[in-house]
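Chemist: Please find one structure pasted underneath; my questions will follow.
The values are calculated or read from the model by the stated rules, or taken from the named source; none is laboratory data. Here the structure is a predicted model, which is why all the values come from computation and not from measurement. Don't worry about glycine lacking a Cβ; one is built from the backbone with ideal geometry, like all the others, and counts go over all protein chains shown. When the accessible area is computed, the model is the full protein with side chains, heavy atoms only, and any ligands, DNA or RNA have been set aside. Shrake-Rupley method; radii C 1.70, N 1.55, O 1.52, S 1.80 Å.
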Amino acid sequence: MNVLILGSGGRLGTLLQAAWPQDGQTNPTWYNRTALDVLRDRQGLEDACAGTDRIILLAGVTANARGKSFDDNIKLAEATLDAALGKPVFLSSTAAVYGALPSPLHESHAGAPVSDYGRSKQLMEEVASKHPNATCLRIGNVVGGDALLGVDRPHYTVHQFPSGEYVSRSYIGPSMLAHVLAALCIERNALPPILNVATSKAVAMNELLDAAGKSWSAEPAPASAMERVELDTTLLRSIVPIGAGQSTAEALVNDWQSVIGHQG
């Protein structure tokens, strides 16, 4: 199965290249923006899509990007879906689409984004909904690809809430994410238009830092902070088996460290 992956130059794409399964079931081709500018090289995009079976769109403007327009998230989806000519496309979305809705968050929940980034991804999903072979992947935090362990610091701070609990999020390791993406590409059954992607339960960020041997301290969470964002991954696990043991802080950090060790 030939797989075209657009947006491989970022932190996440770099991790996925190192983690991609080498079992021969998929043949990935990786494009970063230098090799193929999705928004400016229409012919190059069409040619790349013509020579593949599945397309994964990782390219996009991230939540912490500066000086870039979130509208590009919509334009990237439109360009890719048009060039795909009906081939299956997987688009990288986000838990930010859910906004401040209470966890666990199910794909059937109507989006209520509170940030411009989340709203742009919701609009991207609306564009994708017009294409029958498009699946939007609401991906949780990726260990090593996020703003926590993805940024090496001498010391970290973690929000602590009046409950005494620390901020918790749905996570997935880069190796497990690569496994999930590859498995979705070769799945023969029809896939849903929206799919949460993470391990089975949320994990506290302080536990991840402990597992990684990082120095950290607590700071009071601001009133706007959300204590827990947990994706309901029942639907994903009905397609790709993910064991409960893979959602522990230790398993997630081991996944990430095995990937960066492979990069080295």
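Chemist: Compare Lys214, Lys75 by solvent-accessible area with a 1.4 Å probe and give them largest first, with all protein chains kept in place. Before the final figure, lay out the partial values.
Modeler: Details: Lys214 60, Lys75 105 Å².
Most to least solvent-accessible, the answer reads Lys75, Lys214.
Chemist: Additional query: Taking the Cα centre of the chain as origin, work out the dipole magnitude from +1 charges on Lys and Arg Cβ and -1 charges on Asp and Glu Cβ, in debye rounded to 20.
Modeler: Its charge dipole is roughly 200 debye.
Chemist: While we're on this one: How much accessible area per residue does the chain have, in Å², with a 1.4 Å probe?
Modeler: Heavy-atom SASA per residue in the chain reads 47 Å².
Chemist: Right, next: If DNA, RNA and ligands are ignored and the probe is 1.4 Å, what is the ranking of Lys87, Lys121, Lys130 by accessible area, most exposed first?
Modeler: So, going from the largest accessible area down, we get Lys130, Lys87, Lys121.
Chemist: Could you work out what % of the accessible surface of the chain is carbon and sulfur, using a 1.4 angstrom probe and leaving DNA, RNA and ligands out of the count?
Modeler: Here carbon and sulfur together make up 49 percent of the probe-accessible area.
Chemist: Calculate, in nm to one decimal, what Ala63 and Thr157 gain on full extension: separation in residues at 0.36 nm each, minus their alpha carbon distance. Walk me through the intermediate numbers first.
Modeler: Details: separation 94, 0.36 × 94 = 33.84 nm, distance 1.95 nm.
Working it through step by step, the gained length comes to 31.9 nm.
Chemist: For the range 95-210, what relative contact order do you get, as a whole percent, if you take Cα pairs closer than 8 Å and at least 6 residues apart?
Modeler: Numbers: 134 pairs, mean separation 32.6, N = 116.
Relative contact order of the range 95-210: 28 percent.
Chemist: If I compute semi-axes √(5λ) of the Cα gyration tensor in Å from the structure I just sent, which labelled value in [x] 35, 21, 16; [y] 29, 20, 18; [z] 24, 21, 19 lines up?
Modeler: Entry [y].
Chemist: Could you rank the peptides 122-128, 52-58 by their average count of other C-beta atoms within 10 Å per residue, with the highest value first?
Modeler: Ranked from most to least packed, the peptides come out as 52-58, 122-128.
Chemist: HN-Hα J couplings of the range 93-100 from phi, Karplus 6.51/-1.76/1.60, θ = phi - 60°, integer Hz, Gly and Pro as x?
Modeler: So the Karplus estimates, Gly and Pro as x, are 10, 7, 5, 4, 4, 6, x, 9 Hz.
Chemist: In deg cm²/dmol, rounded to 500, what helix-only [θ] at 222 nm does the chain give when every DSSP H run of at least 4 residues adds -39500 (n - 2.57) and the total is split over its residues? All intermediate terms of the calculation are to be shown ahead of the outcome.
Modeler: Values: 8 runs with 84 residues, N = 264.
Result for the chain: -9500 deg cm²/dmol, rounded to the nearest 500.
Chemist: If I fit a long axis through the Cα atoms of helix 116-128 and take the longest principal axis of the Cα atoms of the chain, what angle between them do I get, 0 to 90°, rounded to 10?
Modeler: That helix lies at roughly 30 degrees to the long axis.
Chemist: Report the label-to-label distance for Arg11 and His109 in nanometres (one decimal), using points 7 Å from each Cα along the Cα→Cβ vector.
Modeler: Computed distance between label sites Arg11 and His109 equals 2.4 nm.
Chemist: Also, quick follow-up: If you find the alpha carbon centre of the range 165-237 and of the range 97-113, how far apart are they in angstrom?
Modeler: About 15 Å separates the Cα centre of the range 165-237 from the one of the range 97-113.
Chemist: I'd like the antiparallel share, as a percent to the nearest 5, of DSSP beta bridges with both residues in the range 123-229. Mind showing how you got there, number by number?
Modeler: Numbers: 3 of 16 bridges.
If we restrict to bridges inside the range 123-229, about 20 percent are antiparallel.
Chemist: Once both labels are modelled 7 Å past Cα along the beta-carbon direction, what's the Asp210-Glu250 spacing in nm?
Modeler: The modelled label-to-label distance comes out at 1.1 nm.
Chemist: Skipping prolines and chain starts, which residues have an amide H placed within reach, meaning under 5 Å, of the one on Val61, given they are 5 or more residues away or on another chain?
Modeler: Here Asn73 satisfy the definition.
Chemist: Looking only at the chain, where both bridge partners belong to it, what percent of the DSSP beta bridges are antiparallel (to the nearest 5)? Could the numbers behind the result be given before it?
Modeler: Working: 3 of 35 bridges.
Expressed as a percentage, antiparallel bridges in the chain total about 10.
Chemist: Evaluate the relative contact order of the range 54-105 (contact order divided by residue number), counting alpha-carbon pairs under 8 angstrom at least 6 apart; express in whole percent.
Modeler: Worked out over the range 54-105, it gives 47 percent.
Chemist: Could you pull out every residue, at least 5 positions away or on a different chain, whose amide H is within less than 5 Å of the one on Gln160? Hs are placed 1.01 Å off N in the peptide plane, and Pro or chain starts have none.
Modeler: For Gln160, whose amide H was placed from the backbone, the distant partners under 5 Å are Glu219, Ala221.
Chemist: Let me ask something else. So what is the relative contact order of the chain, in percent, for Cα pairs below 8 Å that sit 6 or more residues apart?
Modeler: 20 percent
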